1. When you scan segment 18-30, do you find a residue that is farther than 18 Å from residue 97 by Cα, more than 15 Å from the chain's Cα centre (by Cα), without any contact (Cβ under 8 Å) to a residue 24 or more places away in the chain and not in a loop (DSSP other than H, G, I, E, B), even just one?
2. Please work out if residue 60 is touching a strand residue (DSSP E or B) at 6+ places or on another chain (Cβ under 8 Å), surrounded by fewer than 20 Cβ atoms within 10 Å (Cβ to Cβ) and modelled with pLDDT of 95 or more.
3. Might you let me know whether segment 238-259 holds any residue that is under 25 Å from residue 44 (Cβ atoms), at pLDDT below 75 and touching a helix residue (DSSP H, G or I) at 6+ places or on another chain (Cβ under 9 Å)?
4. State which residue is surrounded by the fewest Cβ atoms within 10 Å (Cβ to Cβ) when the search covers only segment 31-52 and only residues that are in a loop (DSSP other than H, G, I, E, B) and modelled with pLDDT of 95 or more.
5. If we scan segment 217-225, do we find a residue that is modelled with pLDDT under 75, more than 28 Å from residue 126 (Cα to Cα) and assigned to a loop (DSSP other than H, G, I, E, B)?
6. Could you list, in sequence order, all residues of segment 56-69 that are over 13 Å from residue 25 (Cα atoms) and touching a residue at least 24 places away in the same chain (Cβ under 8 Å)?
7. Do we have residue 134 as at pLDDT 80 or above, part of a helix (DSSP H, G or I) and either crowded, with 21+ Cβ neighbours inside 10 Å or out of contact with any helix residue (DSSP H, G or I) (no Cβ under 6 Å at 6 or more places or on another chain) (or both) here?
8. State which residue is surrounded by the most Cβ atoms within 10 Å (Cβ to Cβ) when the search covers only segment 94-129 and only residues that are in a helix (DSSP H, G or I) and in contact with a helix residue (DSSP H, G or I) (Cβ under 8 Å, 6 or more places away or on another chain).
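The values are calculated or read from the model by the stated rules, or taken from the named source; none is laboratory data. Values in this document were obtained by computation on a predicted structure and should not be read as measured data. Backbone-built Cβ (ideal geometry, glycine too); neighbour counts: all protein chains shown.
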């Protein structure tokens, strides 16, 4: 008969599953906002970090914060819309650390807010080029390394707009919907190589990317009235999910999109509002 102490001694160390000690994480768009938060979080969990973004000063500021945590960090300024720079980032990371265990595809853009009637070819190419094309080829390059080393975790930062379109963000929504499908396709094909591919779909997050929303009190009120929790998210509320998906704590999860929207999709307020308006018209 097993006593309580023996049972306790044989229990798994659940918290150790979140450790990233000995791992190397590459984060695109890692110099600010959600990307910066994820970089700091993964570093605190024990990973060495490779950061890439377009602006060296922002990269260096984040790199200094990672160094203070006690982890090694490499910054690689690049515009990963250019596929040659994707290859350069991966090669530079491997030359330094010899491996990449975690990839976070976070870099994104939305150059135009407005009707799809007004989207020109340049805006389309810029948006799809960074939000989808670069993610595909970055994942392909890193995925080959992971395959040869026996596995890894890829995390795509999508958006709730890729599931339910947001007025004025039509092409951005299309790009994020494509990223969610990319997640499923790669997860299905690469599972045999022990490569897990998942996505995080945040709702409104208080970052520079969404500043046009939270700088406008009227818009904030409208947005928050349709969120069950009643407020816009902070960047740090996204990063813990990234840690979970990067770590062995999520070892049986792949091909999934985790929606972090504060209950936006769950809220019935927009429906009730429409019903009320319909009643008034009658």
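1. no
2. Criteria met by residue 60.
3. Within segment 238-259 (the criterion being under 25 Å from residue 44 (Cβ atoms), at pLDDT below 75 and touching a helix residue (DSSP H, G or I) at 6+ places or on another chain (Cβ under 9 Å)), the answer is no, since none of the residues qualifies.
4. 46
5. Yes: segment 217-225 contains one or more residues that are modelled with pLDDT under 75, more than 28 Å from residue 126 (Cα to Cα) and assigned to a loop (DSSP other than H, G, I, E, B).
6. 58, 59, 61, 62, 65, 69
7. For residue 134, the condition - at pLDDT 80 or above, part of a helix (DSSP H, G or I) and either crowded, with 21+ Cβ neighbours inside 10 Å or out of contact with any helix residue (DSSP H, G or I) (no Cβ under 6 Å at 6 or more places or on another chain) (or both) - is met.
8. Selected residue: 127.
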